[in-house]
Amino acid sequence: MVDLKAQYEAIRGEIDEAIQAVLESQDFIKGRFVSEFERAFTEMHGARFGLGCSNGTSAISTALQALGIGTGDEVITTPMTFIATVEAICHVGAKPVFVDIDPETYQMDIGKAEAAIGKATRAILPVHLYGNVCEMPALMSVAEAHGLKVVEDCAQAHFARFGGKFVGTFGDAATFSFYPGKNLGAFGDAGFILSRTQEAETLMRKLVDHGRMDKYNHDLIGFNNRMDGLQGAVLSVKLKHIQRWTKQRQSAAAKYGQILGDAGFRTMKVLPGAEAVYHLYPVQVANREEAMAYIREQGIASGIHYPTPLHLQPALAYLGHAPGDFPVSETLSRRVMSLPIFPEISDQQIARITSAFVAKAKQ
Ligand SMILES: *Cc1c(COP(=O)(O)O)cnc(C)c1O
């Protein structure tokens, strides 16, 4: 699905040097390597405030908490995402309220999000799923009209754009994951939060570091959700390459799109004005298990993102949903499979993958 070893080999010299610098300085928690990365990542986005943290899940709960969302509040999101999005809503004591996705872009259906707004709604949490882009200007107008906060989950969409503007710079806050397999991956767990106000930024800095103002002065109960120096150092190196890697993903996706589109398969629609970054390459297929087994025999990996929409997960049974509640998500979860995509993928690999896929898959 991805070839992390190939990426390391390509930049081994720079990475090893960066890691050595951390070892020499023993600056393991927060510190210089984290602040350098924070500055660079925030500046590249043209954002105001940026904070490194422990992972993409704590990034979401920290952002929600800093925006004042907690017990009794409702947060609108979709059931077609990784469970972390919803766990974070639950961690702050709020209730996830699901709305379905658009059948072509697979992103939150904004009309349905507006229809789901109720008295207790405090925030909307769109996920830029698969590296595609939610229609943020439309979503922001809905949120503004109803006085709601917006937190963008950008865990799969580093440096995707809408109308030339990076995702993560539309909402009140935006969160990122640097899990190793994400488009920008650390050598362990790490996450990030972009935000707009000094107030949110200050609160979030305390929340991720034991509620402190300085070493032994704590003015609130926080968490240990800091970023490690080693991750900051590795991410600073990789950040220099992310734009090239993104272009390579986009060009691989264009090749997939051409071949699979010509063969009549349904691939993900990207809205006009949006630039997807293809964390995954999803395609719909009627005989998924058969197609996956067949390509596996040819030595080709594939994945399912995600086989069970969250409203049907046992962990969320208390929300009281039943099959049929979110039909677009349910249909996609039965039909979608992800083909391998990563910056280093070659034309020959794409040709081999698509010819094996097309030989067996039914539309
Ligand atoms: C990976 C992911 C997360 C969680 O990130 P972690 O760093 O693994 O905690 C959250 N949301 C989405 C959509 C993800 O893909």
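Could you check, for the stretch 297-311, whether at least one of its residues is under 18 Å from the mean Cα position of the chain (by Cα), outside any loop (DSSP other than H, G, I, E, B) and surrounded by 13 or more Cβ atoms within 10 Å (Cβ to Cβ)? Yes, some residue in the stretch 297-311 is under 18 Å from the mean Cα position of the chain (by Cα), outside any loop (DSSP other than H, G, I, E, B) and surrounded by 13 or more Cβ atoms within 10 Å (Cβ to Cβ). Considering the conditions (1) touching a Phe, Trp or Tyr at 6+ places or on another chain (Cβ under 8 Å); (2) at pLDDT below 95; (3) not hydroxyl-bearing (S, T, Y), L230 is excluded by exactly one of them, (2). With the requirement that a residue be within 17 Å of M268 (Cβ to Cβ), open to solvent by 20 Å² or more (accessible area, probe 1.4 Å) and in contact with a Ser or Thr (Cβ under 9 Å, 6 or more places away or on another chain), what does the stretch 130-163 give you? Selection gives E135 alone.
Quick grid of which residues meet (1) within 15 Å of the ligand (Cβ to nearest atom); (2) within 16 Å of A123 (Cβ to Cβ):
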{"residue": "C154", "(1), (2)": "yes, yes"}
{"residue": "F187", "(1), (2)": "yes, no"}
{"residue": "A190", "(1), (2)": "yes, no"}
{"residue": "R196", "(1), (2)": "no, yes"}
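Do the conditions hold for A21, that is, is it open to solvent by 30 Å² or more (accessible area, probe 1.4 Å) and small (G, A, S)? When the stated conditions are applied, A21 passes them. The numbered conditions (1) more than 13 Å from the ligand (Cβ to nearest atom); (2) in contact with a helix residue (DSSP H, G or I) (Cβ under 6 Å, 6 or more places away or on another chain); (3) in a helix (DSSP H, G or I) are all true for A88 except (1). Residues of the stretch 150-173 that are within 29 Å of K5 (Cα to Cα) and of a type in the set (G, A, S): A155, A157, A160, G168. In summary, P282 fulfils each of the numbered conditions (1) in contact with a strand residue (DSSP E or B) (Cβ under 7 Å, 6 or more places away or on another chain); (2) over 30 Å from C90 (Cα atoms); (3) open to solvent by less than 60 Å² (accessible area, probe 1.4 Å) with the single exception of condition (2).
Quick grid of which residues meet (1) at pLDDT 95 or above; (2) in contact with a His (Cβ under 7 Å, 6 or more places away or on another chain); (3) open to solvent by 10 Å² or more (accessible area, probe 1.4 Å):
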residue	(1), (2), (3)
K30	no, no, yes
V34	yes, no, no
A40	yes, no, yes
E43	yes, no, yes
G46	yes, no, yes
G56	yes, no, yes
I60	yes, no, no
Q65	yes, no, yes
E74	yes, no, yes
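When N183 is tested against (1) within 11 Å of the ligand (Cβ to nearest atom); (2) under 19 Å from V86 (Cβ atoms); (3) surrounded by 20 or more Cβ atoms within 10 Å (Cβ to Cβ); (4) not aliphatic (A, V, I, L, M), just one condition goes unmet, and that condition is (2).
Give the residue that is nearest to the ligand (Cβ to nearest atom), with candidates limited to residues of the stretch 47-68 that are over 19 Å from the mean Cα position of the chain (by Cα) and in a loop (DSSP other than H, G, I, E, B). Filtering first and then ranking leaves L67.
The single condition among (1) within 27 Å of G147 (Cβ to Cβ); (2) more than 16 Å from the ligand (Cβ to nearest atom) that I29 does not satisfy is (1). Looking only at residues in the stretch 317-356 that are in contact with a helix residue (DSSP H, G or I) (Cβ under 6 Å, 6 or more places away or on another chain) and part of a helix (DSSP H, G or I), the one that is surrounded by the most Cβ atoms within 10 Å (Cβ to Cβ) is T354.
Which count do you get for residues in the stretch 139-192 that are charged (D, E, K, R) and farther than 27 Å from S35 by Cβ? Here the count works out to 1. Restricting F98, F82 to those that are of a type in the set (F, W, Y), in contact with a helix residue (DSSP H, G or I) (Cβ under 7 Å, 6 or more places away or on another chain) and in contact (Cβ under 8 Å) with a residue 40 or more places away in the chain reduces the list to F98. The criterion of at least 2 residues that are of a type outside the set (S, T, Y) and touching a Leu at 6+ places or on another chain (Cβ under 6 Å) is met, among strands (runs of 3 or more DSSP E) falling completely within the stretch 98-214, by 121-124, 149-153. What is the number of the single condition among (1) assigned to a helix (DSSP H, G or I); (2) open to solvent by 20 Å² or more (accessible area, probe 1.4 Å); (3) not polar (S, T, N, Q) that V270 does not meet? Exception for V270: condition (1). Take S177 and decide whether it is of a type in the set (S, T, Y) and away from the ligand (no atom under 16 Å from the Cβ). No. Residues in the stretch 246-267 that are more than 18 Å from M80 (Cα to Cα), in contact (Cβ under 8 Å) with a residue 24 or more places away in the chain and either charged (D, E, K, R) or assigned to a helix (DSSP H, G or I) (or both): T246, Q248, R249, Q250, A252, A253, K255, Y256, I259, L260. I'd like to verify a number: residues in the stretch 204-242 that are over 23 Å from the mean Cα position of the chain (by Cα) and open to solvent by 30 Å² or more (accessible area, probe 1.4 Å), how many? Residues that pass the stated criteria total 12.
The values are calculated or read from the model by the stated rules, or taken from the named source; none is laboratory data. This is a predicted model, so every value here is computed, not measured. Here the Cβ is made from the backbone with ideal geometry for all residues, glycine too, and neighbour counts use every protein chain on show. When the accessible area is computed, the model is the full protein with side chains, heavy atoms only, and any ligands, DNA or RNA have been set aside. Shrake-Rupley method; radii C 1.70, N 1.55, O 1.52, S 1.80 Å.
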